[in-house]
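The values are calculated or read from the model by the stated rules, or taken from the named source; none is laboratory data. Here the structure is a predicted model, which means the values were calculated and not measured. Neighbour counts run over all protein chains shown; Cβ positions are idealised from the backbone, glycine included.
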Amino acid sequence: MPEYALRLRRYDPQSGQGAYWEQFTVELDGHRSVLDAILKQRAERDGTIGIRCSCRSAICGSCGVRINDKPGLACHTHLDRAAQAGREGSQVIVVEPMGNMPVIKDLIVDMDAVHWKKIQRVTPWLINKQPIPEREYVVPKESMLDITQSMACIQCGACVSDCLSLEVDPLFIGPAQLAKAYRFVGDPRDAQHEQRLRELAEDPHGIYDCTHCWACIDACPKGVAPMSQIMRLRRLAGSDHQIEDANNGHRHELAFTNNIARNGLLAEADVLPDSYGGKLHPRAIGVLLASLPVILRALVRRKVTLRSALLHPHRGRFKDLSGLFDQIERRAERRELNLYITGYDSAEPAQVAGNGPAMVATGASPTRGAADEGEGR
Ligand code: SF4
Ligand code: SF4
Ligand code: FES
């Protein structure tokens with residue numbers, strides 16, 4: 001029987017001591033999970049180890065931890081794979097509590113204080129359209145397929161653990177929470193799409209607070225791709241409902257994409273004024289003046305030079321890129337793809353009733369690639 005070395009981060013607030021590391025060895029088959037190893041140690045040698053778990057089948061979302069610096073489910077991580085991914089080839093499996101949430105004890109974090117509290121901010125239930133039908137609502141299949149990805153969330157908190165925006169702005173609503181918001185915004189039975197979108201767009205810690213770092217997509221054990229759901233919310237709010245948010249998020253996105261379409265490569269000096277309506281727009285003048293210290297610091301630290309800022313020597317060299325924008329904008333309808341709706345026809349696809357050309361249900365495995373396809377404009 002192979003042996004595996006586990007290093008746990010221990011912390012007991014009642015002891016009055018700070019956190020510390022403890023290492024032990026367990027004998028188990030490599031296909032057994034990190035959770036199995038921790039539970040074995042707890043049952044046989046140290047009953048004080050704190051870890052939360054229930055289903056042991058990657059369904060309940062209770063056993064979220066960080067393993068070798070990555071968030072995930074302890075019950076869904078094989079010992080042999082975890083050992084291979086040990087820090088600097090050490091084969092030691094390092095397990096610690098999830099990030100961005102206070103630790104209660106050892107590997108148990110306070111999900112109520114962050115995760116569940118923030119879920120409440122997105123009104124996580126359906127608000128019925130009136131009048132309520134006498135029998136069931138009839139919902140188009142393609143609508144339900146569209147939200148299936150966000151419905152796959154098991155609320156494990158892995159994405160919350162590693163969200164970079166949450167790290168710098170603890171008030172950010174959060175990835176799992178915004179994926180949950182899309183679950184209702186995308187549901188045709190919900191009566192408050194526009195109001196939900198407006199609140200999420202106007203909230204300074206809402207949909208425009210995400211920095212597209214991809215950490216939540218990498219972290220999610222269920223392929224929910226929270227960042228893709230956030231981008232969908234943005235497209236619905238900005239492009240479909242023309243919500244001009246007070247955070248300037250939608251105008252900033254437009255300034256960004258128009259800038260690349262125009263120049264082929266981002267002319268960074270134009271992004272800020274364009275986000276506020278152009279250099280001479282009254283809205284832009286105040287912002288530009290307020291940004292002068294940052295601009296000066298960037299010049300002093302040579303992050304930008306006057307020549308590159310004013311002349312943008314790359315302008316026009318990547319003009320061909322603008323063809324991509326034309327190609328996407330000529331499409332008759334926007335394609336919102338996810339794990340279950342991909343842009344590729346499989347050999348014998350099960351066609352979904354409906355008229356969308358991309359509505360092809362496939363047996364696609366939960367890969368990042370399929371989820372990424374949803375990032376079209
Ligand atoms: S992509 Fe956005 S929501 Fe996801 S982890 Fe990064 S900042 Fe957070
Ligand atoms: S979106 Fe994924 S990582 Fe985040 S809570 Fe849901 S299942 Fe867990
Ligand atoms: S114990 Fe339920 S998801 Fe791991």
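See the values below:
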| quantity | calculated |
| --- | --- |
| Test set (1) in contact (Cβ under 8 Å) with a residue 12 or more places away in the chain; (2) outside any loop (DSSP other than H, G, I, E, B) - residue 223 fails condition number | (2) |
| Subset of segment 223-246 that is surrounded by fewer than 17 Cβ atoms within 10 Å (Cβ to Cβ) and not aliphatic (A, V, I, L, M) - its residue that is nearest to residue 196 (Cα to Cα) | 241 |
| Residue match in segment 184-198 (condition: within 16 Å of ligand 2 (Cβ to nearest atom), in the same structural domain as residue 140 (by TED's automatic domain parsing) and touching a strand residue (DSSP E or B) at 6+ places or on another chain (Cβ under 6 Å)) | yes |
| Tabulated pairs, segment 58-83, first outside any loop (DSSP other than H, G, I, E, B) and more than 13 Å from ligand 3 (Cβ to nearest atom), second of a type in the set (Asp, Glu) and modelled with pLDDT of 95 or more, C-beta under 6 angstrom, 6+ apart or interchain | 66/96 |
| Any hit, segment 215-222, residues being surrounded by fewer than 22 Cβ atoms within 10 Å (Cβ to Cβ) and within 14 Å of ligand 1 (Cβ to nearest atom) | yes |
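One line per residue, one yes/no per condition, for (1) outside any helix (DSSP H, G or I); (2) more than 10 Å from the chain's Cα centre (by Cα):
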{"position": "195", "(1), (2)": "no, yes"}
{"position": "199", "(1), (2)": "no, yes"}
{"position": "208", "(1), (2)": "no, yes"}
{"position": "212", "(1), (2)": "yes, no"}
{"position": "218", "(1), (2)": "no, no"}
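Per-residue answers, yes or no, for (1) assigned by TED's automatic domain parsing to the domain that holds residue 160; (2) surrounded by 13 or more Cβ atoms within 10 Å (Cβ to Cβ); (3) in contact with a Phe, Trp or Tyr (Cβ under 9 Å, 6 or more places away or on another chain); (4) closer than 23 Å to residue 223 by Cβ:
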| residue | (1), (2), (3), (4) |
| --- | --- |
| 18 | no, no, yes, no |
| 21 | no, no, no, no |
| 29 | no, no, no, no |
| 45 | no, no, yes, no |
| 78 | no, yes, no, yes |
| 86 | no, yes, no, no |
| 89 | no, no, no, no |
